[in-house]
Every structure is written in structure tokens, then in C-alpha cells.
Amino acid sequence: DNQLLVEVCRELDNLVGLPEVKDKIQKMIESFQINELRKQLGEPSDSFKQHLAFIGEPGTGKTTVARLWGKVLKAFGYLETGHIVEVPGRELIVGKIGQSEEKTREYINRALGGILFVDEAHQLAKGSSDVDFGRDVIGTIVHNMTDHSGDLVVIFAGYQEPMEKLFMMDQGLRSRLTDLWHFEG
């Protein structure tokens, strides 16, 4: 959808700052275009699978860019709708065994065809008891990142130092992220 892509690029250009993020997006768009040309020529093309971490302080544009990224992925047909389902990390944690996983699956199902945007994802790494519901949430998300590859993009957003703690909680999480985007103030 070229019209949607032009619209998104215009919106990105109007954002203040974010030179590194804008550069990443432009390079990804170019690689998607090359991939589309390969498909048209009958040559092997890369399969789409992408999950990201947005690292930065509050107010640096992470949510805004996630919304625009969903539109880019929809424009290229990588996601059916490109919609974004936003959820703060703390909202996924429920105080009874099994409920955190159930609530997380509900959000994942709502996000199918689009993006699950876990804002302040570092809040999932605050577990201090024997029963760590944050770890259960991460495990559920990681499992679904694989099961719904091609139908779901997950973006974890948060602050630099606490996000490192989150990545250490589950070895599978870091390995499933295709890139970390840094948002400077």
C-alpha cells in the first residue's frame, strides 16, 4: 500500500529528533522493498519475523513510533491490520497462579494481526517472591512469539538498565528479539 507508506513516512519526518530510529526505519523500509522485488522476480526472499525492544526514557516517542511501525508492516502486508494493542507490564501481572498467563494470552489474542506493545516492560522483572508472575508473563509471551510468528509482532518498551534485568529473566526472550531501538531524549 504505497499511499499508506507515503503517509507514514511523512508522519515520521514530522517527528522531532529520533535520528537513529528514523534511520533504522528507513533502512527497514528499503530492505522490505528489496524483498518485494525479489518476490516479484521469483527469487528467494526473506521470511518476515520481527520482535523489537524500544529502549528509552519516558516521552521519547516509543509509543508513537510503535503505532507508525504497525502501519509500515501493514503497508507491506507483513501484518494483516497493523493495529497496536498497548499494555503496561504491570497490568499483565495478576496475583494468583495461572491468572497472569491467562490475562497475557487475552492481550496476545487481541493483538494477532498487529503489534503487542508492552510498555514499561521492565516492570515484569520486579519479582521478589518464590512465585514470580512476571517470569510467567514473559514465558507466555516468548512462547507465543514463536507460535504466532508472522501474525504477531511484540515490542517491549522500557528504560535501559531495568530492561537488561528483564532480558536476563528468560534466555529465549533476548534471542527472539531481532533488534533493539534506542530512543534518545
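What the table below lists for this structure:
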item	result
Sum of side-chain charges, GLU57 neighbourhood, beta-carbon under 12 Å (Lys, Arg +1; Asp, Glu -1)	-2
Net lengthening on full extension, SER31/THR146 (0.36 nm per residue, minus Cα-Cα)	39.1 nm
ARG174 versus GLU7: modelled label distance in nm, points set 7 Å from Cα along the beta carbon direction	4.0
Long-range HN-HN contacts of TRP181 with modeled amide H, under 5 Å	ALA53, PHE54, ILE55
Inverse of mean 1/r across different Cα pairs in region 18-68, Kirkwood, Å	12.9
log10 of Debye I(q)/I(0), alpha-carbon scatterers only, for region 50-122 at 0.23 Å⁻¹	-1.05
Fully extended contour minus Cα-Cα distance, from THR81 to TYR159, at 0.36 nm per residue	25.3 nm
Principal-axis tilt of helix 133-147 within the chain, Cα atoms, nearest 10 degrees	30
Cross-link table LYS103/LYS165; LYS27/LYS126; LYS71/LYS165; LYS71/LYS126, entries beyond 25 Å C-alpha to C-alpha	LYS27/LYS126; LYS71/LYS165; LYS71/LYS126
Cα-based radius of gyration of the chain once divided by 2.2 N^0.38 Å, which approximates compact folds	1.04
The chain: calculated mean residue ellipticity at 222 nm from DSSP helix runs of at least 4, using -39500 (n - 2.57)	-16000 deg cm²/dmol
Long-range amide H partners of VAL94 with built H, under 5 Å	SER100
Exposure of LEU180 as accessible area (Å², to 10), given a probe of 1.4 Å and all protein chains	40
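The values are calculated or read from the model by the stated rules, or taken from the named source; none is laboratory data. All values reported here derive from a predicted model rather than from experimental measurement. Neighbour counts run over all protein chains shown; Cβ positions are idealised from the backbone, glycine included. Remember, those area values only see protein heavy atoms, side chains included, never the ligands or the DNA or RNA. Shrake-Rupley method; radii C 1.70, N 1.55, O 1.52, S 1.80 Å.
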